[in-house]
Amino acid sequence: MILPFPSARERIGRRIQRRMHQAERHCQRQIVVSRVDGETSMDWSLTMEILGESGTLNVIHIGHDDVLLDWRAAGTGLAS
C-alpha cells in the first residue's frame, strides 16, 4: 500500500500544530511562526487564510512571512 505524500499546505499545518502543542505544554497560547525555505508564498498565504477562518485562531501578520498565532484556552472563553 502506498500512502500519498502530504501536500505543502498539510506539511505547513502539521509544523504549526507541533509548535502549538509545544507551546501548550508550557501553558502558552501564542506563537510566532515564519515561512521556511521550500514553502511557497502561495501555500503559506492559503494556509494562513484557512487558519484565520477556522474561528479558533487569531492570525496576526507581523511581516510578509511571519505571523503571530493566538488561541483561546479550551472551555474558558477567555484569551490566555
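The values are calculated or read from the model by the stated rules, or taken from the named source; none is laboratory data. If you're wondering where the values come from, they're calculated on a predicted model, not measured in any experiment. Here the Cβ positions follow ideal geometry from the backbone for every residue, glycine too, while neighbour counts run over all protein chains shown. All accessible areas refer to the heavy atoms of the entire protein, side chains included, with ligands and DNA or RNA removed. Shrake-Rupley method; radii C 1.70, N 1.55, O 1.52, S 1.80 Å.
Restricted to region 27-44, and to residues that are within 11 Å of the chain's Cα centre (by Cα) and of a type in the set (S, T, N, Q), which residue is most open to solvent (accessible area, probe 1.4 Å)? Don't jump to the end; show me each part of the working.
The first filter runs over region 27-44 and keeps only residues within 11 Å of the chain's Cα centre (by Cα), leaving 30-35, 44.
Of the ones still in play, those that are also of a type in the set (S, T, N, Q) are 30, 34.
Working: Q30: 93, S34: 46 Å².
In this case the residue turns out to be Q30.
If the requirement is being in a strand (DSSP E or B) and among the hydrophobic types (A, V, I, L, M, F, W, C), which of these qualifies: L68, L3?
Values: L3 fails: in a strand (DSSP E or B).
Exactly one residue qualifies, and that residue is L68.
Return yes or no: is E24 without any contact (Cβ under 8 Å) to a residue 24 or more places away in the chain and either loosely packed, with under 14 Cβ neighbours inside 10 Å or of a type in the set (A, V, I, L, M) (or both)?
Values: without any contact (Cβ under 8 Å) to a residue 24 or more places away in the chain: yes; either loosely packed, with under 14 Cβ neighbours inside 10 Å or of a type in the set (A, V, I, L, M) (or both): no.
Here the answer is no, as E24 does not meet what is asked.
Would you call R15 of a type in the set (K, R) and surrounded by 11 or more Cβ atoms within 10 Å (Cβ to Cβ)?
Working: of a type in the set (K, R): yes; surrounded by 11 or more Cβ atoms within 10 Å (Cβ to Cβ): yes.
When the stated conditions are applied, R15 passes them.
Residue-wise test of (1) at pLDDT below 95; (2) in contact with a helix residue (DSSP H, G or I) (Cβ under 8 Å, 6 or more places away or on another chain).
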position: V32; (1), (2): no, no
position: R35; (1), (2): no, yes
position: D43; (1), (2): no, yes
position: E53; (1), (2): yes, no
position: T56; (1), (2): yes, no
position: I60; (1), (2): no, no
position: G63; (1), (2): yes, no
position: L68; (1), (2): no, no
position: W71; (1), (2): yes, yes
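Return the pair list, or none, for Cβ contacts closer than 7 Å from residues in region 59-72 that are touching a residue at least 24 places away in the same chain (Cβ under 8 Å) and open to solvent by 30 Å² or more (accessible area, probe 1.4 Å) to residues that are among the polar types (S, T, N, Q) and assigned to a strand (DSSP E or B), at least 6 apart or on different chains.
Pairs that qualify, where the first residue is touching a residue at least 24 places away in the same chain (Cβ under 8 Å) and open to solvent by 30 Å² or more (accessible area, probe 1.4 Å) and the partner is among the polar types (S, T, N, Q) and assigned to a strand (DSSP E or B), are D65/S34; D66/S34; L68/Q30.
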